[in-house]
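Novice: Structure below; questions to follow.
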Amino acid sequence: MAACVVRIEDLLPQLAAVRVDAVVVEDGLLRITARTRDDAGAVCPGCGRVSGWVHSRYVRHVADQAVGGCPVVVDLSVRRMYCEEPSCPRRTFAEQVPGLTERYQRRTPALRRVVEAVAVALAGSAGARLLAVLGCVLSWATVLDCLLRIPLPKPQVPRVVGIDEFALRKGHRYATVVVDAATGRRVDVLPDRATATVVAWLREHPQVQVVCRDGAGGFARAITDADPGIVQVADRWHLWHNLCEAVLKEVAVHSSCWSKLGPPLREGKRAATTRERWHQVHDLLDQGVGLLECARRLHLRLNTVNRYARHTEPERMVRAPAFRPTLVDPYRDHLRRRRAEDPAVTMPQLLAEIREQGYPGSANLLMRYITEGCVEADHATLSPRRAARLLLTCPDHLHEDQLVLRDQLTSACPQMTAPATVVQDFAVLLTPAPGNGHLLENWIRRGLQDGLPVLRSFARGLQRDQAAVEAAVTLPWHNGRTEGVNHKTKLIKRQTYGRAGFTLLRHRILLN
């Protein structure tokens, strides 16, 4: 088989326009000596005229992509030319080799693109460490400088945008990101979340007709001040999340009712303190003392006094004990039957029997399970969060035993029936449809009339922002892509250990 001679220009096509004089490998560095050809003219960057009048020559040292893990440096002799156009403001200029050199750059365009890609993905120190592996040794400051030199794309503001805030310093400083609601493309990043800043941006971009946002009142006021004709769309995920929180609070309030399905409430110091405090609050209220004055006299927070005032019985304030699921749960029926047949049965005997059935746990776990009274319960005690989850989950996604438990929860307390119905009716609205506006109005009216304080407060919140909520349940737009951008922004912040300034963050957010 005949040997094939490979030229350096075949391996590095960017050297095809120059004459290679030498290729030397020294100290792990591939050094290429080359020069531009004398028979070709050069184009003046000022006027565009081709000139062949040589002023002088000088050597440029240009770094290129590594070959075989070995860094590459091209020592290129280039010409400085006179411009032959009398009207051109440039008297001399340096010739450029396409694909090999750029003005004011010591890296080839190919290596520059690699550096920029790494800088956008990893930024400072992490980017410098990766580039060192790729055969390009740069400091973290140089990597950031290359990143900030990348021109930002010109924003093409769409008709439908999503807007949300993210923390520069949580609890102190926030910025605002604007995203294309249809594609998730970053449109702009504003330095703060002030109403005036958002108003100014919207007025500069009158093509925006629909804005998707969360329930923040600042963005709602800013959009209205900028243009009342802009359609505001509330985020459906936030609507459902707020409803879940409201249902959880209602379920926790009535825990003394549905907790009867499990072990009895524990009597102790906390229960006694709760009952005593309930009587103190209601005694003051019966005397005509206001809620704020009650809080001052009893040295309690106003929200705590409100919670005690809402309950008509002190027993409703005592929460049910919460037991986590354990390895003994599958053998509860056997333990209960054996203890009913033989009250004197010993714990080692019970342990041996359930181990024959496959129990993998310890004797201590079984003893604690029996001591806490879980065996005598009809089923394990539910936490308020787990009980609320049964009400918030679509019945089609529940197992048969979960459906039975859900029915028992709703029948244990009259106030538990309403949240179950409310959740089902509101879940239907989360699938946008043209007729959902009328259903939403009926839902809000019913929520205001129900005797559930937390859900009534949630319904009042929907009523205050009814136009945006109605748009959310009737239009296909949502703010999910903006939330996704915010999650990626958290990753970008962590890569710089939270020390990046707004300029650097904005650059990386818009380029990612």
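The values are calculated or read from the model by the stated rules, or taken from the named source; none is laboratory data. All values derive from a computational prediction rather than experimental measurement. Virtual Cβ from ideal backbone geometry, glycine too; neighbours counted across all protein chains shown. Note: areas computed on protein heavy atoms with side chains; ligands, DNA, RNA excluded. Shrake-Rupley method; radii C 1.70, N 1.55, O 1.52, S 1.80 Å.
Novice: Above 14 angstrom, tally the Cα pairs of the range 84-154 and express them as a % of all pairs, no decimals. List each step's numbers first, then the result.
Specialist: Numbers: 1598 of 2485 pairs.
Roughly 64 percent, once rounded to a whole number.
Novice: Separate question: Using +1 at the Cβ of each Lys and Arg and -1 at the Cβ of each Asp and Glu in the chain, identify which of His487, Ala117, Leu284 lies farthest towards the dipole's positive end.
Specialist: Ala117
Novice: Another one. Compute the relative contact order of the chain as a whole-number percentage, counting only Cα pairs closer than 8 Å that sit 6 or more residues apart in sequence.
Specialist: Numbers: 716 pairs, mean separation 68.9, N = 512.
13 percent.
Novice: Same structure again: Where does helix 217-226 land angle-wise versus the long Cα axis of the chain, in degrees 0 to 90, nearest 10?
Specialist: 50 degrees
Novice: Here's another thing I want to ask about it. Using a 1.4 Å probe on the protein heavy atoms, what percent of the accessible area of the range 392-512 belongs to carbon and sulfur? Let's see the in-between values first.
Specialist: On the way: 3430 of 6430 Å².
Answer for the range 392-512: carbon and sulfur cover 53 percent of the accessible area.
Novice: A further question on this structure: Name the residues whose placed amide hydrogens come within less than 5 Å of the amide hydrogen of Asp164, ignoring near sequence neighbours (fewer than 5 apart) on the same chain.
Specialist: Answer set, sorted by chain and number: Val177.
Novice: Write down the accessible area per residue of the range 121-255 in Å², having rolled a 1.4 Å probe over the full set of protein chains.
Specialist: On the way: 6360 Å² over 135 residues.
On a per-residue basis, 47 Å².
Novice: Here is a further query. Karplus couplings for the range 64-72 from phi (6.51 cos²θ - 1.76 cosθ + 1.60, θ = phi - 60°), rounded to Hz, Gly and Pro as x?
Specialist: Each residue's phi maps through the Karplus curve to give 10, 4, 5, 10, x, x, 9, x, 10 Hz.
Novice: Could you please put Trp443, Trp140 in sequence from largest to smallest accessible area, using a 1.4 Å probe?
Specialist: So the residues, ranked largest to smallest area, are Trp140, Trp443.
Novice: Of the listed values [x] 37, 25, 21; [y] 69, 34, 21; [z] 48, 25, 19, identify the label whose number matches semi-axes √(5λ) of the Cα gyration tensor in Å calculated from this model.
Specialist: The listed entry that was calculated here is [y].
Novice: Continuing with this model, one more query. Compare the Cα positions of Ala175, Leu475, Cys374 along the charge dipole of the chain (+1 at Cβ of Lys, Arg; -1 at Cβ of Asp, Glu; about the Cα centre) and return the one farthest towards the positive end.
Specialist: Result: Ala175.
Novice: Work out, in µm²/s and without decimals, the Stokes-Einstein translational diffusion coefficient of the range 104-242 at 37 °C, 0.692 mPa s, Rh from Kirkwood over C-alpha pairs.
Specialist: Values: Rh = 17.4 Å.
In µm²/s, the coefficient is 189.
Novice: Also: For Ser457, what accessible surface area do you get with a 1.4 Å probe? Give it in Å², rounded to 10.
Specialist: 60 Å²
Novice: Let me ask something else about it. Over the range 385-512, average the accessible area per residue using a 1.4 Å probe and give it in Å², no decimals. All intermediate terms of the calculation are to be shown ahead of the outcome.
Specialist: On the way: 6890 Å² over 128 residues.
Ligands and nucleic acids excluded, the figure is 54 Å² per residue.
Novice: If you don't mind, there's one more thing I want to ask. For Trp201, tell me the accessible area in Å² from a 1.4 Å probe, rounded to the nearest 10.
Specialist: Accessible area, nearest 10 Å²: 20 Å².
Novice: Along the positive direction of the dipole of the chain (beta-carbon charges: Lys, Arg +1; Asp, Glu -1; about the Cα centre), which of Pro151, Val23, Leu298 reaches farthest?
Specialist: Val23
Novice: Of all DSSP beta bridges in the chain, what percent run antiparallel (nearest 5)? Spell out each step's value before the answer.
Specialist: Values: 36 of 50 bridges.
Looking only at bridges with both residues in the chain, the antiparallel portion is about 70 percent.
Novice: With a bin width of 5 angstrom, please list the P(r) values of the range 472-512 as percents of all Cα-Cα pairs, from the 0 bin to the one holding the largest distance.
Specialist: Values per bin, smallest distances first: 5, 21, 26, 17, 10, 8, 7, 5, 0.
Novice: Given a 1.4 Å probe and heavy atoms of the protein chains only, how would you sort Met81, Met347, largest accessible area at the top? Numbers along the way, then the final one.
Specialist: On the way: Met81 0, Met347 45 Å².
In descending accessible area the options line up as Met347, Met81.
Novice: Which order do Met416, Met367 take by accessible area at a 1.4 Å probe, largest first?
Specialist: Working: Met416 0, Met367 95 Å².
Order by accessible area, largest first: Met367, Met416.
Novice: Report the number of Lys pairs in the chain whose alpha-carbons are under 20 Å apart, with separation of 8 or more residues or on distinct chains. The partial results should precede the final answer.
Specialist: Numbers: Lys170/Lys488; Lys170/Lys490; Lys170/Lys493; Lys249/Lys260.
The number of close lysine pairs in the chain is 4.
Novice: Which whole-Hz ³J(HN,Hα) couplings does the range 228-240 yield from phi under the Karplus relation 6.51 cos²θ - 1.76 cosθ + 1.60, θ = phi - 60°, glycine and proline marked x?
Specialist: After applying 6.51 cos²θ - 1.76 cosθ + 1.60, I find x, x, 5, 7, 9, 10, 6, 7, 5, 5, 5, 4, 5 Hz.
Novice: Non-local amide H neighbours of Ala17 (under 5 Å, H modeled in plane, Pro and chain starts lacking H): which ones?
Specialist: HN-HN under 5 Å from Ala17: empty list.
Novice: Using 1/(1 + (r/R0)^6) with R0 = 30 angstrom and r between the beta carbons of Val345 and Gln408, what's the FRET efficiency to the nearest 0.05? Kindly include the intermediate steps, with their values, before the conclusion.
Specialist: On the way: r = 29 Å, r/R0 = 0.97.
Computed FRET efficiency for Val345 and Gln408: 0.55.
Novice: For the range 101-109, take each phi angle, set θ = phi - 60°, evaluate the Karplus expression 6.51 cos²θ - 1.76 cosθ + 1.60, and give the result in whole Hz per residue in order, putting x for glycine and proline.
Specialist: With the stated coefficients, the range 101-109 comes to 10, 9, 4, 6, 10, 10, 10, 5, x Hz.
Novice: Further question: Leaving out ligands, DNA and RNA, what percent of the accessible area of the range 1-143 is carbon and sulfur, probe 1.4 Å? Can you show the working numbers first?
Specialist: Working: 4620 of 8220 Å².
It is 56 percent, rounded to a whole number.
Novice: At 1.4 Å probe size, what's the solvent-accessible area of His487? Round to the nearest 10 Å².
Specialist: Its heavy atoms expose roughly 120 Å² to the probe.
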